[in-house]
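Inspection log for the structure reproduced underneath, given as structure tokens.
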Amino acid sequence: MAARMDVLLGAQWGDEGKGKVVDVVAPEYKVIARFQGGPNAGHTLIFEGKKHVLHTIPSGVFREGTTNLVGNGVVIDPVIFLKEIKALDAVGIDVRKNLLISRRAHLILPTHRALDAASEAEKGTSKIGSTLKGIGPTYMDKTGRNGLRMGDLELPDSMARFEALTKKHERLLEQYGKPVAPAEAREEWLAAVEVVRGLQLVDSEHYLDNALRSGQRVLAEGAQGTLLDIDFGTYPFVTSSNTISAGACTGLGVAPNRIGSIMGIFKAYCTRVGSGPFPTELLDDTGEAIRKAGHEFGSTTGRPRRCGWLDLPALHYAVMINGITELAMMKADVLSGMDTVNVCTGYTVNGKHTDRMPYDVSGGVEPILEPMEGWGKLHTEAPLPASLERYIAMVEERVGVPITLISLGPDRSETVRRQRTFAR
């Protein structure tokens, strides 16, 4: 009997805790497939007292018997990819036997990184807060039909294709007045490519079709978050790919009618890294307290995350855009000990009230905050406090979707399942 592909993605500005949830639910799936983004992602998993950060490899890699697929919508930096593999080798995880890479996935070149830095510098005070990993320029080459793909490494003229794209980039860098990528970066990249080309490359659309037809359960794993989507996020302060559920179809080659459940991951509050609008941002001691309690520093860049109250209009927008069928609420423990927890229930935009996320939230937008009773310390063995249950019920009522998983700490064991996740 054919199966459907479930989707797990971020419902805020990224950093919601997707890696932990994928790790928790991975035993229920045969295949975990990343569908977009690149090494700008940082999915953190903690178990048995050890912290692991994944950037490109799917978060099911620590579960025995799970196949992990890097889809065509992902952009891959061979240097970072190889470092990730070596880090997993160091903790006894050999990914080579259960890691597949789509031939259609695009490659990040050293000159892509140089172009990323040059473009960001050119923006001056209007910079978007790029991770400078070369993600944007790589997607630009993809849509401009100039890109180099994983499958090209199997072709006899792969080196000529690499040289042609590199020369194009060097001409652009000359226009920026910036230096080309150093020779050491080129040599490191070529050495990494030799290793990466030896991994298992597949036509992922056919692989997933066969897996679903044979009844295997597949989970599509997203990176970043809905509000960073290139089309529906807070443009231009967004990423360069479609982070929403529709991106799982184009990023893996799976038809829309084969999508099953869609889980949105969100924090009990909001965070954002880099530039861009953030209506509920707290620029006071409360924001700093949340940052410290939640260890809110980027797992990829190390930059401190901006912190603010939960934004329900934005969460409702994410539910609508993605067709989210259930939610996972992360980091409820971070707000423990607060007498009052505020929630944004709407905005005042140019003097008018709205509970919808407007086209432009960069100026003239004031959050309407509703106070709620806080809660004390949380334990997985004990019932949730009544005040937290009221908080959960309020969110469910406002966005119209059940919250089926609550995270009470960073470890995979610190998780409460309120009903079976991705229930059929």
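Computed from the coordinates by the stated procedures, all read-outs in this text should not be read as laboratory data. Just so it is clear, the structure is predicted and the values come from calculations on it, not from any experiment. Glycine gets a Cβ as well: all are built from the backbone with ideal geometry, and neighbour counts include every protein chain shown.
Scan segment 324-379 for chymotrypsin sites (Phe, Trp or Tyr not before Pro) in coil per DSSP, keeping those whose Cβ has at most 15 other Cβ atoms within 10 Å, and list them by number. Please report the intermediate quantities before stating the final value.
Values: sites: 347, 359, 375; in loops: 359, 375.
For chymotrypsin sites (Phe, Trp or Tyr not before Pro) across segment 324-379 that sit outside H, G, I, E and B with at most 15 neighbouring Cβ atoms in 10 Å, the list reads 359.
Any chance you could give the angle, 0 to 90 degrees and rounded to 10, that helix 158-176 forms with the longest Cα principal axis of the chain?
Between the helix axis and the principal axis of the chain, the angle is about 70 degrees.
Taking the beta-carbon count within 10 Å as an exposure proxy, list 370, 326 from fewest neighbours to most.
Numbers: 370 14, 326 20.
Exposure proxy ranking, most exposed first: 370, 326.
Please give the contour-minus-distance gain from residue 288 to residue 257: 0.36 nm per residue of separation, less the Cα-Cα distance, rounded to one decimal in nm.
On the way: separation 31, 0.36 × 31 = 11.16 nm, distance 4.41 nm.
Fully extending the segment from residue 288 to residue 257 adds 6.7 nm.
When the chain is modelled as a GNM with alpha-carbon springs shorter than 10 Å, which of 113, 412, 171 fluctuates the most?
The residue with the greatest mean-square fluctuation here is 171.
Any idea what the relative contact order of segment 269-387 is, in percent, if you count C-alpha pairs under 8 Å spaced at least 6 apart?
Working: 180 pairs, mean separation 29.9, N = 119.
That works out to 25 percent.
Assuming 0.36 nm per residue, please report the length gained on full extension of the stretch residue 195 to residue 419 beyond their Cα-Cα distance.
In short, 76.3 nm is gained.
By per-residue mean of other Cβ atoms within 10 Å, what is the highest-first order of 265-278, 66-79, 329-342, 202-215? Mind dumping the intermediate values first?
Working: 265-278: 23.4, 66-79: 24.9, 329-342: 19.6, 202-215: 16.6.
Put in order of decreasing packing, that is 66-79, 265-278, 329-342, 202-215.
Note down the magnitude of the dipole of segment 249-312 about its Cα centre, charges +1 on Lys and Arg C-beta and -1 on Asp and Glu C-beta and zero elsewhere, to the nearest 20 debye.
On the way: 8 positive and 6 negative charges, 62 e Å.
Once rounded to the nearest 20, the dipole reads 300 debye.
Find how many whole Å separate the alpha carbon centroid of segment 125-179 from the alpha carbon centroid of segment 35-93.
Computed from Cα coordinates, the inter-centre distance equals 23 Å.
Using label points projected 7 Å from each Cα along Cα→Cβ, tell me how many nm separate residue 90 and residue 339, to one decimal.
For the pair residue 90/residue 339, the computed spacing is 4.6 nm.
Mind checking which of 135, 406, 321 has the largest fluctuation in a GNM of the chain, springs on alpha carbons under 10 Å?
Greatest mean-square fluctuation among the candidates belongs to 321.
Given a cut-off of 20 Å, name the pairs among 142/168; 20/97; 18/51; 20/50; 123/178; 20/51 whose C-alpha atoms lie farther apart than that in the structure shown. The partial results should precede the final answer.
Numbers: 142/168 14 Å; 20/97 22 Å; 18/51 15 Å; 20/50 13 Å; 123/178 14 Å; 20/51 11 Å.
20/97, as the Cα separations exceed 20 Å there.
Dividing the convex hull volume of the alpha carbon atoms of segment 151-193 by its residue count, what do you get in Å³ per residue? Write down the numbers at each step before the final one.
Working: hull volume 2.9 nm³, N = 43.
Considering the Cα atoms of segment 151-193, their hull volume per residue is 68 Å³.
Provide the per-residue ³J(HN,Hα) series for segment 198-207, in order, calculated from phi with Karplus coefficients 6.51, -1.76, 1.60 and θ = phi - 60°, each as a whole number of Hz, with x at glycine and proline positions.
Going residue by residue, I get x, 7, 7, 9, 9, 7, 4, 5, 6, 4 Hz, with x marking Gly and Pro.
Compute the acute angle (0 to 90°) between the alpha-carbon long axis of helix 110-123 and the principal axis of greatest extent of the alpha-carbon atoms of the chain; round to the nearest 10°.
The helix 110-123 is inclined about 50 degrees to the chain.
Find the relative contact order for the chain and round it to a whole percent, using C-alpha pairs within less than 8 Å whose residues are 6+ positions apart.
On the way: 932 pairs, mean separation 88.2, N = 424.
With pairs under 8 Å counted, the relative contact order is 21 percent.
Does anyone have the angle between helix 312-322 and the longest principal axis of the chain? Alpha-carbon axes, 0 to 90°, nearest 10?
On a 0 to 90 degree scale, this one is about 50.
Which of the aspartates and glutamates could a cross-linker span from residue 30 if the Cα-Cα distance has to be under 20 Å and same-chain partners fewer than 8 positions apart are dropped?
List returned: 6, 64, 94, 203, 205, 209, 221.
Quick one: work out Rg over Rh on the C-alpha atoms of the chain, Rh as Kirkwood radius.
Working: Rg = 21.3 Å, Rh = 22.1 Å.
Computed over Cα atoms, the ratio is 0.97.
Just need log10 I(q)/I(0) for segment 302-360 at q = 0.14, 0.23, 0.25, 0.29 Å⁻¹, Debye formula, equal scatterers on the alpha-carbon atoms, no solvent, rounded to two decimals.
Each listed q maps to, in turn, -0.56, -1.12, -1.16, -1.22.
Could you work out the mean projected area of the convex hull around the alpha carbons of segment 102-187, in square nanometres to one decimal? Please report the intermediate quantities before stating the final value.
Working: hull surface 24.0 nm².
Over all viewing directions, segment 102-187 projects a mean Cα-hull area of 6.0 nm².
Would you mind getting me the FRET efficiency between residue 350 and residue 178? Use the beta-carbon distance for r and R0 = 30 Å, nearest 0.05. Mind showing how you got there, number by number?
Numbers: r = 41 Å, r/R0 = 1.35.
Efficiency for this residue pair is about 0.15.
What nm distance separates the two modelled labels at residue 206 and residue 390, each placed 7 Å from Cα along Cα→Cβ?
The two pseudo-label positions are separated by 5.9 nm.
For segment 135-246, what does the relative contact order come out to in percent, with C-alpha contacts under 8 Å and a separation of six or more? Could you put the intermediate results ahead of the total?
Values: 61 pairs, mean separation 21.9, N = 112.
Relative CO of segment 135-246 lands at 20 percent.
Rank 346, 251, 42 by mean-square fluctuation in a GNM of the chain with C-alpha springs under 10 angstrom and give only the top-ranked residue.
Between 346, 251, 42, it is 346 that shows the largest mean-square fluctuation.
In nanometres, what is the gap between the two model label sites at residue 186 and residue 171, each 7 Å from Cα along Cα-to-Cβ?
The modelled label-to-label distance comes out at 1.7 nm.
Let's see if you can work this out: charge +1 on each Lys and Arg Cβ, -1 on each Asp and Glu Cβ, no other charges. What is the dipole magnitude of the chain about its Cα centre, in debye to the nearest 20?
For this selection, approximately 780 debye.
If you stretched the chain out fully between residue 213 and residue 122, how much longer would it get, using 0.36 nm times the residue separation minus the C-alpha to C-alpha distance?
Details: separation 91, 0.36 × 91 = 32.76 nm, distance 4.92 nm.
Gain in length upon complete extension: 27.8 nm.
Rounded to whole Hz and in sequence order, give me ³J(HN,Hα) for segment 223-240 from the Karplus expression 6.51 cos²θ - 1.76 cosθ + 1.60, θ = phi - 60°, writing x for Gly and Pro.
Once rounded to whole Hz, the list reads 10, 6, x, 3, 6, 10, 4, 4, 9, 10, x, 7, 4, x, 8, 9, 8, 9.
Short version: what are the Cα gyration tensor semi-axes of segment 272-422, square root of 5 times each eigenvalue, largest first, in whole Å? Write down the numbers at each step before the final one.
Details: eigenvalues 122, 75, 50 Å².
Over the Cα atoms of segment 272-422, the ellipsoid semi-axes are 25, 19, 16 Å.
Would you please report the Å³ per residue occupied by the convex hull of the alpha carbon atoms in segment 1-154?
On the way: hull volume 22.8 nm³, N = 154.
For segment 1-154, the hull spanned by Cα atoms encloses 148 Å³ per residue.
Taking a quarter of the surface of the Cα convex hull of segment 147-250, what do you get in nm²?
On the way: hull surface 37.7 nm².
The orientation-averaged projected area of the Cα hull of segment 147-250 comes to 9.4 nm².
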